[in-house]
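Trainee: Pasting a structure below so you can have a look.
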Amino acid sequence: MSDRKVMSRVHYDKLAAKYDQHSHANYLAKLSPQIVAKAVEFDCDSALDVGCGTGSLLALLRESGMEVAGADISPRMIEEARKRLGDKVDLRVADSENLPWEDESFSLVVCVGSFHHYPAPLKVLSEMRRVLGQSGHLIIADPTLPILVRQLANLFIGFSGEGATKMYSDAELGSLIRQAGFDQVERIDTNSSAVVLAAAANK
């Protein structure tokens, strides 16, 4: 496991018990309604949340009628998600580069607030594509900043101690998504400092 992954796991293990009161959780809560609405628009019946944290988004997706599953590198985050969702939801401690599900297991993959932690983003996106069915969809939301501020932040992001790797622009993230086998990439407008993109799996 890379140093960045270890840092992410340790950081979120420490944060897990109080995560729902953290600013990160507030950020997720602001984005969740639009993400759920887009998932419903796509008519998805099963969803995997990569970097699921304490399971708050999974709870909303389940309320909309989907079967849900979640993966997170932090064992304590998964423990908190089990408290919220119960033992019947498939929650696994997992590396996003090696998702422990079979090919074409889901109609939707979501990833909110964790993509900037991934040191091998194309490998993660390829795994997301693998577990999606032929008519599946992807929704990624991640924090971003204006170009000059983002470039400066990326110079120092490795020193944060949180395992972060890189913040992306819309264009950068969209390019990676297309390279991994997705098309119909569209931007979801939100009133937040986030890049939120939806895409369809290439058939």
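Taken together, the values in this text are just the output of simple stated rules run on the coordinates, not laboratory data. In this text, all values refer to a predicted model and were calculated from it rather than measured experimentally. Please note: Cβ atoms are built from the backbone with ideal geometry, for glycine as well, and neighbour counts cover all protein chains shown.
Trainee: In percent, how large is the relative contact order of the chain, given Cα pairs closer than 8 Å and 6 or more residues apart? Numbers along the way, then the final one.
Mentor: Numbers: 396 pairs, mean separation 42.5, N = 203.
For the chain, the relative contact order is 21 percent.
Trainee: Could you give the dipole magnitude of the chain about its Cα centre, charging the beta-carbon of Lys and Arg +1 and that of Asp and Glu -1, in debye to the nearest 20? Please list the in-between numbers first.
Mentor: On the way: 22 positive and 27 negative charges, 108 e Å.
Magnitude of the dipole: close to 520 debye.
Trainee: Here's something else I'd like to know. Restricting to the chain, what percent of DSSP beta bridges are antiparallel, rounded to 5? Let's see the in-between values first.
Mentor: Working: 11 of 29 bridges.
The antiparallel fraction comes to roughly 40 percent.
Trainee: When Rg is the radius of gyration of the Cα atoms in the chain and Rh is its Kirkwood radius, what does Rg/Rh come to? Mind showing how you got there, number by number?
Mentor: On the way: Rg = 15.5 Å, Rh = 16.7 Å.
Using Cα coordinates only, the ratio equals 0.93.
Trainee: Here is a follow-up. Compute the distance in nm between two label points, each set 7 Å from the Cα along the Cα-to-Cβ direction, one at residue 178 and one at residue 22.
Mentor: 3.4
Trainee: How would you order 116-124, 155-163 from highest to lowest mean count of nearby Cβ atoms within 10 Å? Working shown, then result.
Mentor: On the way: 116-124: 19.9, 155-163: 13.2.
Descending mean neighbour count gives 116-124, 155-163.
Trainee: Starting with the fewest neighbours, write out 196, 149, 93, 50 ranked by other beta-carbon atoms found within 10 Å of each beta-carbon. It would help to have the intermediate numbers written out before the result.
Mentor: On the way: 196 22, 149 12, 93 15, 50 26.
With the fewest neighbours first, 196, 149, 93, 50 line up as 149, 93, 196, 50.
Trainee: Let me ask you something else. With 10 angstrom as the radius, rank 168, 27 by how many other C-beta atoms surround their C-beta, starting from the fewest. Write out the running numbers ahead of the final one.
Mentor: Values: 168 22, 27 17.
So the ranking, lowest neighbour count to highest, is 27, 168.
Trainee: Restrict the search to segment 7-76; then list the trypsin sites (Lys or Arg not before Pro) that DSSP places in a loop and that have at most 11 other Cβ atoms within 10 Å of their Cβ. Present the calculation step by step, with values, prior to reporting the outcome.
Mentor: Details: sites: 9, 14, 18, 30, 38, 62, 76; in loops: none.
In loop regions of segment 7-76 (DSSP not H, G, I, E or B), there are no sparsely surrounded trypsin sites (Lys or Arg not before Pro).
Trainee: Then there's this: With charges set only on the Cβ (+1 for Lys and Arg, -1 for Asp and Glu), what does the dipole of segment 64-111 come to about its Cα centre, in debye to the nearest 20? Display every interim value, and only then the final one.
Mentor: Working: 6 positive and 11 negative charges, 78 e Å.
Rounded to the nearest 20 debye, it is 380 debye.
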